[in-house]
Amino acid sequence: MSYTHAMRKFFGWLVVILIVGLPVAYCVHLYDNYRKIQADLRRNSQRVVQPSVDDTSVSEIGYIFSIRRDTYIREGRLNLVWFIAVPETGSRYSCSYEAGFPDFKVGDGVRIIHKKDDVDNVDFTGYIIGLHEKEQGKTTEVWALDLDELEMDLDDQ
């Protein structure tokens, strides 16, 4: 076998390995990220959440009017957000999942515990507590942001 024939054969195999190997490696990477997302969700949902309330906290009754659930497999992360309306005050909140019960649905009645709006605070830790049916008493720790405050901050920029 001549040197050029051996080199052609080597580069031929190299191209085949790249054409087949790279997509397979990327699929394995995506599958590993998906498994990581699911394991993180299971671990976080098993955490028992006890609401921490202080003099800067407020508790209100509302309902979930929308949910955003995005799985970013390439980055290996889940973005789970509940949007809660409080009819008594007309307030709306964006609540990003941190730990606890992950299965609230649109229409669920909930108690939302969050920091008072007039408190200048960088800690937006809040809680959602289910009020009815099988969600009753289920608690979730969230990052709770007032949507109206966010909109005003965006308008000011």
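The values are calculated or read from the model by the stated rules, or taken from the named source; none is laboratory data. Quantities reported herein were computed from a predicted structural model and do not represent experimental measurements. Positions of Cβ are backbone-derived with ideal geometry, glycine not excepted, and every protein chain shown enters the neighbour counts.
Pairing each residue of the stretch 45-62 that is under 17 Å from Leu131 (Cα atoms) with any residue that is among the small types (Gly, Ala, Ser) and at pLDDT 95 or above, provided the two are 6+ apart or on different chains, yields C-beta distances under 7 Å for Val49/Ala99; Val49/Gly100; Gly62/Ala85.
Kindly evaluate Val58 against the criterion of being in contact with a strand residue (DSSP E or B) (Cβ under 8 Å, 6 or more places away or on another chain) and either closer than 17 Å to Asp146 by Cα or loosely packed, with under 15 Cβ neighbours inside 10 Å (or both). Against the criterion (in contact with a strand residue (DSSP E or B) (Cβ under 8 Å, 6 or more places away or on another chain) and either closer than 17 Å to Asp146 by Cα or loosely packed, with under 15 Cβ neighbours inside 10 Å (or both)), Val58 qualifies. For the stretch 109-135, the set of residues classified as closer than 24 Å to Asp40 by Cα and not in a strand (DSSP E or B) consists of Asp123, Phe124, Lys134, Glu135, listed by residue number.
Given the criteria under 22 Å from Leu131 (Cβ atoms), surrounded by 12 or more Cβ atoms within 10 Å (Cβ to Cβ), touching a residue at least 40 places away in the same chain (Cβ under 8 Å) and in contact with a His (Cβ under 9 Å, 6 or more places away or on another chain), does Ser96 qualify? Taking the combined requirement at face value, the residue does not satisfy it.
Remark: pairs (first residue in the stretch 121-145, over 16 Å from Asp108 (Cβ atoms) and without any contact (Cβ under 8 Å) to a residue 12 or more places away in the chain; second residue charged (D, E, K, R) and part of a strand (DSSP E or B); Cβ separation under 9 Å; 6+ apart in sequence or on different chains) = Asp123/Lys115. I need the strands (runs of 3 or more DSSP E) fully contained in the stretch 1-104, keeping only those with at least 3 residues that are among the hydrophobic types (A, V, I, L, M, F, W, C) and in contact with a helix residue (DSSP H, G or I) (Cβ under 9 Å, 6 or more places away or on another chain). The strands (runs of 3 or more DSSP E) meeting that bar are 77-86.
In the set Leu30, Leu14, Leu78, only one residue is surrounded by 11 or more Cβ atoms within 10 Å (Cβ to Cβ) and under 29 Å from Asp123 (Cα atoms); that residue is Leu78.
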